[in-house]
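One structure below.
The values are calculated or read from the model by the stated rules, or taken from the named source; none is laboratory data. Not measured: the values here are computed from a predicted model. Neighbour counts run over all protein chains shown; Cβ positions are idealised from the backbone, glycine included.
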Amino acid sequence: MSEPAADTDPEAADSPVEQAAQRTPSGLPLRVDGLRKEFGGITAVDGVSFEVESGSLTGLIGPNGAGKSTTFNCITGVHEPTAGDVYLNGEAITGLAPYEIAQRGLVRTFQIARELPEMTVLENLMLAPKNQQGESALRSVLPGLRGGVVDQEEQLRERAWETLEFFEIDHLATEYAGSLSGGQRKLLEMARALMTDPEVVLLDEPLAGVNPTLEEKLLDRVDDLRAEGYTFLLVEHDMDVIMHHCEHIIVMHQGQVLAEGGAEEIRTNDRVIEAYLGDDL
Ligand code: ADP
Ligand code: MG
């Protein structure tokens, strides 16, 4: 092992944020390193590396077919990457099963909400697998959960109610999930994801088909949760939402990271504009 060259010496980082990052190099909630996924002859993801900062809302965008969903699927264990690694809080989770990854604190919502239509909203939440480890960040948002241990079923029910209240869909608790509107289903999908006490939440087009009132509500809840230390990675086609709400944006194109940075940087990046030619940006 050779020493790093002086000009790339990590100790040389000068901003406080960089210094903190150097002190805890494994502290990033999510890091993707050289991710690659081939399907037969198609390279859907071609050497993708990026980092997601703690408490951030990071946007992952790109034209259709750029490899966003495949990247999500590789991160969450739906696909095994052909090469590369995924790190959650510095630990490799590459190739683990989706439930193992969820137990470690990374969950996703699906573009098509996956609630069980013939069960009630409350029952849907109670079915979500519970992550038993540690204190939940949600507990400080949901004070009702601080109480002592009663009985597991009762605790689960209480948590489900608090989560429904947090998303302001408690009035729908006894409705069949199948009778909800598209927007209400998206809120339920997110509530279900949060039942598992995650640290990192991947959102796959959570606003598709959601009316402006519910959209606002959903984004407000994301902001509340970020303030509690939750970290979000968001795939979303609505550029206004991406540009206004994400402090960091990663642009994919043809399986690779084309650019990353803040909204203004991305909006004015020539390569990004070219990749989106014909699309609204
Ligand atoms: P995006 O989500 O950015 O629209 P995808 O990750 O869905 O892009 O797709 C990236 C590329 O990989 C596309 O060319 C797509 O056709 C291909 N692809 C995605 N999933 C599969 C699969 N299961 N089998 C074969 N090709 C796939
Ligand atoms: Mg997709």
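Numbers below:
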quantity	calculated
Flag if residue 69 is surrounded by 17 or more Cβ atoms within 10 Å (Cβ to Cβ) and within 12 Å of ligand 1 (Cβ to nearest atom)	yes
Helices (runs of 4 or more DSSP H) enclosed by segment 227-279 - at least 1 residues per element that are in contact with a His (Cβ under 6 Å, 6 or more places away or on another chain) and not aromatic (Phe, Trp, Tyr)	270-275
Which numbered condition residue 222 fails, given (1) surrounded by 20 or more Cβ atoms within 10 Å (Cβ to Cβ); (2) aliphatic (A, V, I, L, M); (3) part of a helix (DSSP H, G or I)	(1)
Condition check for residue 227: loosely packed, with under 14 Cβ neighbours inside 10 Å and under 25 Å from residue 86 (Cα atoms)	yes
Of the criteria (1) within 28 Å of residue 245 (Cα to Cα); (2) away from ligand 2 (no atom under 16 Å from the Cβ), which one residue 78 fails	(2)
Residue tally, condition in a loop (DSSP other than H, G, I, E, B) and in contact with a strand residue (DSSP E or B) (Cβ under 8 Å, 6 or more places away or on another chain), over segment 62-89	8
Some residue of segment 41-58 being in contact with a helix residue (DSSP H, G or I) (Cβ under 7 Å, 6 or more places away or on another chain) and within 21 Å of residue 245 (Cα to Cα)	yes
Answer residue from segment 186-224, given it is modelled with pLDDT of 90 or more and more than 15 Å from the chain's Cα centre (by Cα) and is farthest from residue 238 (Cα to Cα) among those	188
Among the residues listed as 174, 163, the single one being buried (at least 19 other Cβ atoms within 10 Å of the Cβ) and either free of Cβ contacts under 8 Å to residues at least 24 places away in the same chain or not hydrophobic (A, V, I, L, M, F, W, C) (or both)	163
Some residue of segment 114-124 being under 20 Å from the mean Cα position of the chain (by Cα) and modelled with pLDDT of 60 or more	yes
Residue in segment 209-218 that is in a loop (DSSP other than H, G, I, E, B), without any contact (Cβ under 8 Å) to a residue 24 or more places away in the chain and surrounded by fewer than 20 Cβ atoms within 10 Å (Cβ to Cβ) present	no
Top-ranked residue of segment 72-88 - restricted to ones that are buried (at least 19 other Cβ atoms within 10 Å of the Cβ) and not aromatic (Phe, Trp, Tyr), ranked as nearest to ligand 1 (Cβ to nearest atom)	73
Given (1) under 30 Å from residue 35 (Cβ atoms); (2) modelled with pLDDT under 95; (3) small (Gly, Ala, Ser), index of the condition residue 144 fails	(1)
Any hit, segment 237-253, residues being modelled with pLDDT of 95 or more, more than 18 Å from the chain's Cα centre (by Cα) and under 25 Å from residue 110 (Cα atoms)	yes
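Here is a yes/no grid of residues against (1) in contact with an Asp or Glu (Cβ under 9 Å, 6 or more places away or on another chain); (2) modelled with pLDDT under 90:
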| residue | (1), (2) |
| --- | --- |
| 3 | yes, yes |
| 24 | no, yes |
| 36 | yes, no |
| 44 | yes, no |
| 60 | yes, no |
| 68 | yes, no |
| 78 | no, no |
| 81 | no, no |
| 94 | yes, no |
